[in-house]
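Structure, as structure tokens:
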Amino acid sequence: MNLDKEKLSLIDWIASLEDETIIERIKFLKEKGPVKDFWDEISDEEKASIERGLKDVQDGRVVSHEVVKKNYEKWL
């Protein structure tokens with residue numbers, strides 16, 4: 001990737017923008033810096049737990065929110 005070419009392309013694109021929402025987002029990135037990925041901030045145990053949950057979903061080991069609400073409504 002030619003970084004200078006990419007920068008110039010972004011400058012041209014930004015100069016042509018009319019959408020204030022996108023401009024505000026770009027300003028936010030400039031002022032606050034890059035947003036950290038939560039994955040880099042959590043522990044290995046938390047990552048493993050999330051991965052187990054995603055595997056459960058893939059394997060169909062899930063219960064709908066409606067079923068859970070019905071099963072626990074007497075305590076709510």
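Coordinate-derived values only; no laboratory data. On a predicted model such as this, the values are computed, not experimentally measured, just so you know. Quick reminder, even Gly has a Cβ in these numbers, built from the backbone with ideal geometry, and neighbours come from all protein chains shown.
Some notes on this structure:
- Scanning the range 23-51 for residues that are assigned to a helix (DSSP H, G or I), surrounded by fewer than 10 Cβ atoms within 10 Å (Cβ to Cβ) and basic (Lys, Arg) turns up Lys30, Lys32.
- Every listed requirement among (1) among the β-branched types (Val, Ile, Thr); (2) in a loop (DSSP other than H, G, I, E, B); (3) surrounded by 10 or more Cβ atoms within 10 Å (Cβ to Cβ) is met by Val67 save one, (2).
- For the range 12-22, the tally of residues that are surrounded by fewer than 10 Cβ atoms within 10 Å (Cβ to Cβ) and assigned to a helix (DSSP H, G or I) stands at 5.
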